[in-house]
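The values are calculated or read from the model by the stated rules, or taken from the named source; none is laboratory data. As the structure is a computational prediction, the values presented were derived from the model and not from experiment. Backbone-built Cβ (ideal geometry, glycine too); neighbour counts: all protein chains shown.
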Amino acid sequence: MAAIGEKELLRDLNPEQQEAALHLDGPLLILAGAGSGKTRVLTYRIALLVGPRQVHPGRILAITFTNKAAEEMRGRTARLVGPDAASIWVSTFHSSCSRILRMEAERLGYRRGFVIYDDDDQLRMISSLIKEMGIDNKKYAPRLVRALIEDAKNEMVDVDGYRDKVHDDLTEIAYDVYGAYQKQLMRNNAMDFSDLLNNTIAVLELFPHVLEHYQNHFSYINVDEYQDTNPAQYRLVKLLSAGHRNLCVVGDDDQGIYSWRGADLRNILEFEHDYPDSKVVRLERNYRSTPVILGAANHIVSLINGRKEKKLWTEREGGEAIKYLYAGTGNDEASYVALEINRLLEDGTCGQRDVAVFYRTNAQSRSFEEILLRFGIPYKIVGGFKFYERREVKDVLAYLKCILNPDDSVSLRRIINEPKRGIGLTTVSHLDAFARLQGITLWEAIGRAEEVGNLSSGAAKKLEQFREMIESLANERETASLPAFLHMILERTGYAEAIRKEGTFESEGRLENLQELQNAAAEFVSTHPDEGMEAFLERVSLVAEIDLYDEDEGAVTLMTLHNAKGLEFPVVFIVGLEDGVFPHQRSMDSRENIEEERRLFYVGMTRAKDLLYLTGAAYRSKFGEMKLGPESRFMKDIPREYLEVISCGGPAARDSISSELRSRELEMLGYSFHVGDRVLHNKWGEGIVTAMSRSSSGPEVTVNFPGEGERLLLLEYAPLRKVD
DNA sequence: CTAGTTTGCCTTTTT
DNA sequence: GGCAAACTAG
């Protein structure tokens, strides 16, 4: 592609965007409101550097939060500058760090080919440490201890530093576990997500010439979603950009929704303070939503303390009112959503892929899945059950990890008796005790099984077989391609056979998933011919929910509000708008937390281009029992003029709205019954419909038969006919 | 040591 | 109303 000219590039940008794209040297903060074209600015800025300004693409670093965002940015840059885009460092914090650490981790005492532990691995390890250390795991729940350790790591407080933070028995325990945890990670040659960041920082700070190398290397650094950076990420950016000082951060404090993961809004709020010579550009023109949606969203977010004042505006005019329903029950809410989607699709107002349903917690997806299934509307769920976190996938990957790095005892424990090969808990704890005594890894202990006391000869024999199996697989790793090697693992270990033997409906699904994993491996090999199996594992460890999302697929999208950030849809439903659900119960205890929920609401609303629906329900089954949930406190912050209230009768509406919705729903499904209809039953004769309801097995009617009394019938199977 | 059963915990949000 | 650790019987 011929180098694209500067004028040509700038033509596509509005004046503020141009200002941002053209400020190439020195620190720059772009305060980019929702839908204001920040990715556009970022890509054009990079295109400007690579094209007209002739900066070597390998010297540009662009950091995003998800791989999906990274790929999008790379793709869009490539369209502007051509193949040069391939050598730009566009990646997430975590993959940039692991890329650096692949080269530098040995300086910190790691061996080649460290593995990455995800939070499931992390929790397993912390759990087993707590057990081993004889700590009461009821009083000191592993999750809680993990949270404390994670908090410390997010703030780069190491084990020594944490000693000063100990102030009660819980933090005392956390301190002990933290120490043991880090020690074991090192022994296992493993890093968790936070270690990727912290170890990169450590390398840079401990080895000035390494720091200098990277500082010189990256002449331009761009960070997306800066409001979501945590202290470690802040420090990393600061270190890397200190050389050339060409740092551009893009973000929106109104969209900061990750404080629970250690993100600190002060990073963006105090940027100007941090870099006194910085330039600030505000992007407030919105290219996405109607003025109605924007107006309501502005109101929601205007109530936050200490935010950077922004007022989004648009040239669009008109727009439909936001529809608001506070239904009687969660089922009604789901029915209403499905009915509306169905109507929009039949009207031709929009297509399936144009619609999204956002909820606060993954657990809420179920009722919408059920009803969409019933309506025959295709849908896809982002998150919830993650491919790479499924048991069988993790098992096979654990085999791969073990073969590449036998010291990885978390993976080893996972597979040592999977499928069942007679190496049970007792055997493993004997080995474990021995390993701890000798200061060796679990794998090394298996190699010296004969020295381990009180191990039965049967157990020793099985361990020997297991060790030989792993070793023989390890010997093959050079000869087989990655997909073939995965296949070999599945067969030689008996893993596939064990699943096949089950012969259940689920086991077929699991076999399909394993096939899918091999496909993913094959695809990886063909797109990354020079990379090894370690690179595949790394890739797999760092994928996020949203990375697997394919917007071209024609289906309604269901996802959490957190996953929705960065996306847009013509039609958006935000559901579960009740105090306790959204805002979430656990966030209602402090002003800061409520404010974060409010930002989350803002993020959700601003995803909508044309139509926005807000729904909640007075009664919702929680923990199996019906609970009353008052209308979300956020609703009163939206001026009535923006809303079209479908019904706001609250708990009282429980029945009236129910029967109205029920009959519409049943009609939709091809059952044209209404309360008061006379019906004929094969066995009981004529009766009158007295109520409509829906159970988990489908829609039901209650019919009063003279002589028989009231009967509750499942419509799908009931031999009922309407009498005119 | 395994397999089947009970209990007891849940539920934020995720790189 | 579901899943995973903990318990119990062979």
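Test each condition in (1) crowded, with 22+ Cβ neighbours inside 10 Å; (2) assigned to a helix (DSSP H, G or I); (3) touching a helix residue (DSSP H, G or I) at 6+ places or on another chain (Cβ under 7 Å); (4) not assigned by the TED database to the domain that holds A:Leu473 for A:Leu345 and report the one that comes out false.
(1)
Does A:Tyr613 satisfy the criteria of being modelled with pLDDT of 90 or more, out of contact with any His (no Cβ under 6 Å at 6 or more places or on another chain), closer than 23 Å to A:Ala334 by Cβ and not in a helix (DSSP H, G or I)?
The answer is yes for A:Tyr613.
Among the residues of region A:316-339, is any farther than 19 Å from A:Glu631 by Cα and assigned to a helix (DSSP H, G or I)?
Within region A:316-339, one or more residues are farther than 19 Å from A:Glu631 by Cα and assigned to a helix (DSSP H, G or I).
Quick one: would you say A:Ala480 is assigned to a loop (DSSP other than H, G, I, E, B) and surrounded by 12 or more Cβ atoms within 10 Å (Cβ to Cβ)?
yes
Inside region A:350-369, can you point out the residues that are more than 17 Å from A:Gly580 (Cα to Cα) and touching a residue at least 12 places away in the same chain (Cβ under 8 Å)?
Correct list: A:Cys350, A:Gly351, A:Gln352, A:Arg353, A:Asp354, A:Val355, A:Ala356, A:Val357, A:Ser367, A:Phe368, A:Glu369.
Of the conditions (1) within 16 Å of DNA strand B (Cβ to nearest atom); (2) under 30 Å from A:Val145 (Cα atoms); (3) among the aromatic types (Phe, Trp, Tyr), A:Trp89 clears all except one; give me its number.
Just one mismatch for A:Trp89, condition (2).
Restricting attention to region A:85-143, which residues are assigned to a loop (DSSP other than H, G, I, E, B) and more than 16 Å from DNA strand C (Cβ to nearest atom)?
A:Ile88, A:Gly109, A:Tyr110, A:Arg111, A:Arg112, A:Gly113, A:Phe114
Inside region A:426-462, can you point out the residues that are under 33 Å from the mean Cα position of the chain (by Cα) and either among the hydroxyl-bearing types (Ser, Thr, Tyr) or within 16 Å of DNA strand C (Cβ to nearest atom) (or both)?
A:Thr441
Could you grab me the full set of residues in region A:402-426 that are assigned to a helix (DSSP H, G or I) and surrounded by 16 or more Cβ atoms within 10 Å (Cβ to Cβ)?
A:Cys402, A:Ile403, A:Leu404, A:Ser409, A:Val410, A:Ser411, A:Leu412, A:Arg413, A:Arg414, A:Ile415
Could you please find all residues in region A:381-401 being at pLDDT 80 or above and either in a helix (DSSP H, G or I) or in contact with a Cys (Cβ under 8 Å, 6 or more places away or on another chain) (or both)?
Within region A:381-401, A:Glu392, A:Val393, A:Lys394, A:Asp395, A:Val396, A:Leu397, A:Ala398, A:Tyr399, A:Leu400, A:Lys401 meet the criteria.
Restricting to region A:435-451, and then to whatever is of a type in the set (Val, Ile, Thr) and either crowded, with 19+ Cβ neighbours inside 10 Å or in contact (Cβ under 8 Å) with a residue 60 or more places away in the chain (or both), can you tell me which residue is farthest from A:Lys183 (Cα to Cα)?
Checked region A:435-451; the qualifying residue farthest from A:Lys183 (Cα to Cα) is A:Ile446.
Kindly indicate which of A:Leu473, A:Leu463 is out of contact with any Pro (no Cβ under 6 Å at 6 or more places or on another chain), farther than 22 Å from A:Gly424 by Cβ and surrounded by 14 or more Cβ atoms within 10 Å (Cβ to Cβ).
A:Leu473
Among the residues of region A:222-277, write down those that are within 13 Å of A:Leu31 (Cα to Cα), touching a residue at least 60 places away in the same chain (Cβ under 8 Å) and surrounded by fewer than 17 Cβ atoms within 10 Å (Cβ to Cβ).
A:Glu272
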